[in-house]
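The values are calculated or read from the model by the stated rules, or taken from the named source; none is laboratory data. These figures come from a predicted structure and were not determined experimentally. FYI the Cβ positions are ideal-geometry reconstructions off the backbone, even for glycines, and counts take in every protein chain you see. When the accessible area is computed, the model is the full protein with side chains, heavy atoms only, and any ligands, DNA or RNA have been set aside. Shrake-Rupley method; radii C 1.70, N 1.55, O 1.52, S 1.80 Å.
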Amino acid sequence: MKIRQIIFTGACIILSALAVQAGGTKGPKKHEIKFMLAGLHNTKCFLGCHYGDKDYVQDTAVVDAHGNFEFSGEKDLEGGIYFVMIPSKKYFEFIVDKEQKFSIMADTVDFIKSMKAIGSEENTLFYQYLNYVTEMHDKVAKVDENKSAIGKDAARQQEDSLNEQVRQFKLDFIKKHPDMFLSKVFNASEVPIVPTAPKLANGRTDSTFAFKYYKSHFFDGIDFSEGRLVRSPVLYPRIKEYLTRLTVQSPDSIIAAADYLIMRARASKEMFKFLVAYITSTYEGSNIMGMDAVFVHMAKKYYTADQATWVSATQLEKIKERAAQLDPILIGKHAPSIVLPDTLNTMEAMDSIRARFTVVYFWDYDCGHCQKETPVLIKWYDSIKAEGIEVYAIQTNENSIQKWKDYIKQHKLDWMNVSDIFHTGTFRHDYDVVTTPMIYVLDENKKIIAKKLDTNELNKVIKHFLEKGSDK
């Protein structure tokens, strides 16, 4: 067991500019933070801030021969936890809030132990906390080293006692300094302590109590009206845990959880912006089948001109168009109609197929991945088509119809083969076909039940539905 360090996390630094600006100002300085780092000279340092799951560089400064440098500007810095990174990639954190003009001195050999803040009470207290946590962490490490000598139970008790002391330190800090941002951070880092589960009417312990209690009290310490928390390392892990571990991994459950979080964040523009943007981007790019429904929901509900004010009109239109494209091909929707000519130029409608399951296969005879996947798919099809499986195979390469026909004949593709030889089809847009091969699975009513699979995944999906059907 380790002391939970809510700050000084060693997170990866992303050197991309959230708002990179040159050091120095022309007008009156609204923020002015001076540094003196022993062991550093004649180089550059970077000022950055945490934002969600990433860290962004905001400014650069030139370090003189004596280790002096500063970051200053004509605007106040947004409140949050910032960091200074030196060329060796080592960095230290500090708090920016009401105090916008102060100095920090430290030695590059050990930032935490040597850190001194001048003109910032909150940073002085912050470094006292970091030194305390470091000391307690060392004590835990010693207990762990002596575990074999003192026994596992005794070691666990000592570690629990040390962790409780750290927890009490933070609670005492919050009582003494309720208005400090650091108190908000401490509160946000607290996880629920689950009490003993009650007994059910039958005398047994309620096995679901711990999970339900933990989830229902998970955000007790987080003030969703506190926008400064988005610029700290504590908010993102909590949001991620809630969405991925405490919420059933189905689109409907994720959507309900997202709406709940955003409803709580309405009181803060910063919190609202972060949650809407984070959840939308996460589920637009999710590799979990069906989670694009979350993106569509977010885009339709929250990306309006009066809500997503941080998004340009052009970006907003693109998001809406993307959602409109994906909406008709979500799991559970009736598959868009496709009518294309076969090898004899006879128009064949996908909807005309009468089968328990229809596999819609987008492929290209000249695609390397398709050349590997197609023989596997035809072998699978031949072994299972008696179960009521049919394939509607759409050739996406119209450059050589003869090569397509030759490939069909050579590999004995005896399913329904069609191609857009007249260049009139809209299937690429309708089914979001940006790469091949691509597989959709439709039920007997032509509703989409799975999509964007390979043959191995297809086999598992079909077996699942076949077994599910046999249980009825």
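Using the Cα centre of the chain as the reference point, and only Cβ charges (+1 on K/R, -1 on D/E), how large is the resulting charge dipole? Debye, rounded to the nearest 20. Result for the chain is approximately 680 debye, rounded to the nearest 20.
Rounded, prolate or oblate: which one fits the stretch 182-253, using the alpha carbon gyration tensor with axes a ≥ b ≥ c (rounded when a/c is under 1.5, else prolate when a/b beats b/c, else oblate)? It is oblate, given that a/c is not under 1.5 and a/b is not larger than b/c. Surface composition of the stretch 145-268: carbon plus sulfur atoms contribute 52% of the solvent-accessible area (1.4 Å probe, protein chains only, all chains present). Taking amide H atoms as placed 1.01 Å from N in the peptide plane, the amide H of residue 450 lies under 5 Å from those of 441, each 5 or more residues away in sequence or on another chain. Of 273/300; 170/215; 147/170; 152/212; 269/301; 90/142, which ones are farther than 20 Å apart at the Cα? As for pairs spanning more than 20 Å Cα to Cα, those are 170/215; 147/170; 152/212; 90/142. Taking 18 Å as the straight-line reach from the Cα of residue 29, the lysines in range (excluding those fewer than 8 positions away in the same chain) are 75, 98, 101. Ranking 415, 310 from most to least accessible surface, computed with a 1.4 Å probe over the protein chains only, gives 310, 415.
Toward the positive end of the charge dipole of the stretch 138-208, about the Cα centre and with charges on Cβ (Lys, Arg +1; Asp, Glu -1), which of 171, 140, 208 goes farthest? Of the listed residues, the answer is 208. Once all protein chains are placed together, residue 270 keeps about 60 Å² accessible to a 1.4 angstrom probe.
First check a/c for the chain, with a ≥ b ≥ c the square roots of the eigenvalues of its C-alpha gyration tensor; if it is under 1.5, answer rounded, and if not, answer prolate when a/b is larger than b/c or oblate otherwise. Prolate, because a/c is 1.5 or more and a/b exceeds b/c.
Fully extended, how many nm does the chain gain between residue 281 and residue 456 (0.36 nm per residue separation, minus their Cα-Cα distance)?
Details: separation 175, 0.36 × 175 = 63.00 nm, distance 2.80 nm.
Computed gain between residue 281 and residue 456 is 60.2 nm.
When the helices of the chain are scored as -39500 (n - 2.57) per DSSP H run of n ≥ 4 and the total is divided over every residue, the value at 222 nm lands at -12500 deg cm²/dmol.
Looking at the square roots a ≥ b ≥ c of the eigenvalues of the Cα gyration tensor of the stretch 409-472, which shape do they give, rounded for a/c under 1.5, prolate if a/b is larger than b/c, or oblate? Prolate, because a/c is 1.5 or more and a/b exceeds b/c. Relative to the longest principal axis of the Cα atoms of the chain, helix 368-384 runs at roughly 60 degrees.
Against the chain, whose longest principal axis is taken from its Cα atoms, helix 292-302 shows a tilt of about 60°. Accessible area ranking (1.4 Å probe, heavy atoms, ligands and nucleic acids excluded), largest first, for 421, 104: 421, 104. Accessible area of residue 262 (1.4 Å probe, protein heavy atoms only, ligands and nucleic acids ignored): about 0 Å². Placing unit charges on each Cβ (+1 for Lys and Arg, -1 for Asp and Glu) gives the chain a dipole about its Cα centre, and among 426, 71, 355 the Cα reaching farthest toward its positive end belongs to 71.
With respect to the cross-link table entries 379/460; 89/176; 30/184, which display a Cα-Cα separation exceeding 26 Å? Long pairs (Cα-Cα over 26 Å): 89/176. Based on protein heavy atoms only, the chain ends up with 51 Å² per residue of surface accessible to a 1.4 Å probe. For a straight C-alpha distance cut-off of 20 angstrom, the aspartates and glutamates reachable from residue 44 (same-chain residues fewer than eight places away being disregarded) are 32, 55, 59, 64, 70, 93, 107, 110. Close amide-amide hydrogen proximity is noted between residue 60 and 21, 23, 47, each under 5 Å apart and 5 or more residues distant or on a separate chain (H modeled in the peptide plane; Pro and chain starts excluded). Residue 253 exposes around 40 Å² of accessible area when a 1.4 Å probe is run over every protein chain in place. Rounded to the nearest 10 degrees, the angle from helix 251-265 to the longest Cα principal axis of the chain is 30 degrees. Of the residues 105, 416, ranked by 1.4 Å probe accessible area with the largest first, the sequence reads 105, 416.
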